[in-house]
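Working notes for the structure below.
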Amino acid sequence: MNKDKDKAKATLNQVIVSGIVSHMGKLRRTPVNQDAKTAGHRHARSIILFQITALLVAVFIASGILSIFFFRDSTDRLARRSKKQLIETEAELMASSHQFIAGIITQIQKLQGVFISDSAEAANEISGSVAEKEITPVQRVSNEVLASLAGEGLLGISTVVVAAPSGYTGVPGNTIILSSNDSYMFTGLPAELAGLTTGGESSSELFESGVPGMGLEGQYLVTSYPFELFQGQTPVWYFDFKPMRKELAEIDGYFSREMIHARLVVELVIVLSIVVLVMIIFLVISYFIRRNIVEPIEELSETAEFIKNGELGARVPVRPGEEFEPLKRAFNEMTAGLRMILGKKGGSGVETGGAGEKSANPEIINRPNAGREKRSSILFKSTVLVIVLFILSSLVSIVTFNITMDSLIDQFKDKTIETEATLIASSRNFIIEQVSMVLKLYDVVAYSPEATREFITSLTTEEESRIQQVGNIVLKTMVSTNFLGLNPIVDVIPSAPPFLDKPLIAFSSDEKYMYREAPDEISRLVSGEQEPVFELFENGVPEMGLENEYLVVAFPFSSGAEGMSVWTVCFKPMYKEIGEINDFYGQEKERTLSILVLLVFGAVIVLIVITFFILSFLIRRKITAPIDELSEAAEEIMEGNLDVKVKVAPGEQFEGLKNTFNDMTESLKRIIEDSSGPQGQ
């Protein structure tokens with residue numbers, strides 16, 4: 001059976017050779033339709049280029065959208081935590097004022113002679129006032145201090161109450177016994193505030209819906225603090241109420257503006273990087289396709305045209321490792337075989353171009369699937385290109401995120417410091433009011449001609465006047481009770497000829513600063529407009545022995561002498577607070593960047609998988625399969641089967657080459673049919 005098959009194949013080859021020898025030399029060479037061929041190749045290139053580019057663009061856009069959403073979530077989280085940090089800062093400042101205010105209340109009670117030292121007597125007086133709902137002298141003096149605090153807007157506080165807890169002698173639990181507003185006197189503490197009286201420590205809470213039980217609507221920040229109103233008695237609870245609606249709206253607006261700007265920067269960078277990447281991908285893959293697909297197709301098409309027109313000396317140049325290597329070698333084997341047969345039968349006017357040439361790689365004939373054993377070079381190059389570009393894009397995103405986060409963190413830190421400085425400056429009127437009240441109690445008229453002359457004289461004699469003595473008592477009390485965390489506090493008189501030719505410290509919470517020339521950096525702060533100013537000194541104020549970060553807040557008030565102003569300068573050590581802020585933002589930044597790096601790493605892995613498998617599918621279907629099909633068809637022709645026909649799908653990448661190949665086989669088939677007809681007769 002095999003012998004009959006071999007004999008039939010030999011007979012068919014003889015027919016092919018006879019037909020080629022008899023008629024191929026007579027063929028009139030027809031010109032190659034270059035325009036149609038080139039159009040087909042460009043069409044093939046545009047389809048696969050579009051598909052690959054569209055795939056990669058979709059992947060990059062998806063990663064860009066994911067990055068944008070992640071950055072938005074990170075900035076939202078940062079803003080929420082920053083807002084919370086600001087509220088906590090305000091609550092801490094409010095809590096730090098409690099002990100000072102309690103001390104002032106006690107001091108004024110003593111100065112006005114209403115202080116009750118006996119705890120039993122004090123308890124009876126408070127319980128009697130609650131029962132009779134009549135305000136006692138000690139309560140009235142205390143309420144005046146609280147009203148001064150609320151009226152002067154210390155830290156923006158609008159309402160202050162003091163409530164007796166459960167177990168206070170002779171008083172129903174949570175009854176308000178002191179208040180900046182008499183309408184709250186002897187009423188019960190609202191139930192929503194009960195949670196702030198547990199634990200025995202200062203606490204705070206932001207009430208988004210206000211405190212309806214006290215008629216306070218809108219957002220309110222409430223802080224509580226336990227202290228002994230009378231020595232030996234159960235501690236009472238001190239409550240501050242600060243309206244926050246306007247302030248929170250301003251904070252939200254500030255964060256919104258900063259985040260919108262930051263997001264625009266990041267999103268613009270991501271969009272531009274995607275555009276640049278798309279352009280690079282398009283150009284590079286276009287080059288890959290031109291070099292690895294279009295040029296080989298053109299070479300194969302030209303060779304097929306030459307074979308169809310009788311030029312069997314045509315050879316396709318083969319570059320080792322290229323995608324089309326198996327098909328090109330099959331073409332060359334086919335023409336080499338025909339040349340060898342024609343060389344043995346003698347010339348006939350056909351251009352054989354080297355009849356004795358042997359196959360460059362005979363194994364290809366017997367291995368039609370050799371091209372499938374190695375990965376497509378386009379697949380490898382495209383995958384590497386995508387990964388490299390994605391990593392570069394990710395690095396750009398990470399650097400942009402890092403810079404933007406640093407900028408946001410710096411701005412949020414500045415906002416925190418500015419808020420704290422503004423709140424400290426808001427204590428100006430309250431401090432002045434308390435100093436004036438204490439001066440009156442000491443029978444010192446602050447702005448009387450006598451007091452003013454005594455004060456001016458003290459600046460040259462360095463002997464403290466009564467005004468200075470009382471003022472220093474208040475400043476020392478503020479520092480000793482940790483009022484707003486300030487230490488030290490001084491009053492500076494700027495250079496004011498003829499009184500002074502240099503800025504001088506006239507009041508101080510620490511005697512060592514009295515009558516010293518103010519440091520240059522402080523002189524600069526108090527020499528400008530008559531408005532509160534602040535500055536963060538990162539290296540402290542060495543001339544005053546203050547090291548590390550200090551927030552310095554200065555605000556002016558009148559001295560009583562024409563042409564002479566006095567500036568209260570508050571120093572708040574910030575190294576601990578700055579450290580906490582840096583830790584807070586550092587942890588947030590580290591968390592964000594860690595997640596971003598993991599996100600990028602995961603995206604690279606997903607991208608490798610998607611790119612490799614999808615590109616592998618596209619290239620196998622659009623390139624490798626047609627190449628294998630054409631290679632097998634070429635080997636069928638070498639075995640004498642001229643009935644082989646390659647299927648052509650309209651619009652496919654290899655449409656032009658397949659049509660040329662089919663034309664070639666049809667031409668050879670017609671030659672044989674024409675030549676075998678007369679012989680058969």
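Is it the case that some residue within region 598-615 is farther than 30 Å from Phe70 by Cβ, surrounded by fewer than 17 Cβ atoms within 10 Å (Cβ to Cβ) and free of Cβ contacts under 8 Å to residues at least 40 places away in the same chain? The answer is no; no qualifying residue exists. Does region 164-175 contain any residue that is in contact with a helix residue (DSSP H, G or I) (Cβ under 7 Å, 6 or more places away or on another chain), part of a strand (DSSP E or B), at pLDDT 85 or above and at negative phi? Scanning region 164-175 turns up at least one residue that is in contact with a helix residue (DSSP H, G or I) (Cβ under 7 Å, 6 or more places away or on another chain), part of a strand (DSSP E or B), at pLDDT 85 or above and at negative phi. Number of residues in region 403-412 that are open to solvent by 10 Å² or more (accessible area, probe 1.4 Å) and either aliphatic (A, V, I, L, M) or in contact with a Ser or Thr (Cβ under 6 Å, 6 or more places away or on another chain) (or both) equals 2. Filtered by the rule that a residue be assigned to a helix (DSSP H, G or I) and under 20 Å from Pro190 (Cα atoms), region 130-142 gives Val130, Ala131. One residue alone among Ala330, Ala314 is under 22 Å from Ile627 (Cα atoms), at pLDDT 75 or above and buried (at least 21 other Cβ atoms within 10 Å of the Cβ), and that residue is Ala330. For region 294-305, the count of residues that are open to solvent by less than 30 Å² (accessible area, probe 1.4 Å), farther than 29 Å from Ala54 by Cβ, of a type outside the set (A, V, I, L, M) and not in a loop (DSSP other than H, G, I, E, B) is nonzero. Just one of (1) more than 21 Å from Ile101 (Cα to Cα); (2) in contact (Cβ under 8 Å) with a residue 60 or more places away in the chain fails for Phe483. It is (1). For region 413-428, which residues satisfy the criterion of being open to solvent by 10 Å² or more (accessible area, probe 1.4 Å) and touching a helix residue (DSSP H, G or I) at 6+ places or on another chain (Cβ under 8 Å)? Lys413, Lys415, Thr419, Leu423, Ser426, listed by residue number. Being touching a Leu at 6+ places or on another chain (Cβ under 7 Å), open to solvent by 20 Å² or more (accessible area, probe 1.4 Å), of a type outside the set (Phe, Trp, Tyr) and at pLDDT below 75: is that true of Glu323 here? Criteria not met by Glu323. When Met259, Met214 are checked against the criterion of being over 39 Å from the mean Cα position of the chain (by Cα) and over 17 Å from Ile126 (Cβ atoms), a single residue qualifies: Met214.
Gly188 fulfils the conditions (1) within 15 Å of Phe241 (Cα to Cα); (2) modelled with pLDDT under 90; (3) surrounded by fewer than 17 Cβ atoms within 10 Å (Cβ to Cβ) except for a single criterion, (1). Being at pLDDT below 75, in a helix (DSSP H, G or I) and more than 30 Å from Ile627 (Cβ to Cβ), is that true of even one residue in region 274-281? Within region 274-281 (the criterion being at pLDDT below 75, in a helix (DSSP H, G or I) and more than 30 Å from Ile627 (Cβ to Cβ)), the answer is yes, since at least one residue qualifies. The residue of region 373-382 that is modelled with the lowest pLDDT, among those that are open to solvent by 20 Å² or more (accessible area, probe 1.4 Å) and in a helix (DSSP H, G or I), is Glu373. For Ser127, the stated conditions do not hold, so it cannot be described as of a type in the set (Ser, Thr, Tyr), in contact (Cβ under 8 Å) with a residue 40 or more places away in the chain, over 30 Å from Tyr585 (Cβ atoms) and surrounded by fewer than 15 Cβ atoms within 10 Å (Cβ to Cβ).
Considering only region 93-106, I want to know if a residue exists there that is in contact with a strand residue (DSSP E or B) (Cβ under 8 Å, 6 or more places away or on another chain) and open to solvent by 80 Å² or more (accessible area, probe 1.4 Å). There is at least one residue in region 93-106 that is in contact with a strand residue (DSSP E or B) (Cβ under 8 Å, 6 or more places away or on another chain) and open to solvent by 80 Å² or more (accessible area, probe 1.4 Å).
The values are calculated or read from the model by the stated rules, or taken from the named source; none is laboratory data. What you see is a predicted model; the values in this text were computed from it and never measured. Glycine gets a Cβ as well: all are built from the backbone with ideal geometry, and neighbour counts include every protein chain shown. With ligands, DNA and RNA removed, areas are computed over all heavy atoms of the protein, side chains included. Shrake-Rupley method; radii C 1.70, N 1.55, O 1.52, S 1.80 Å.
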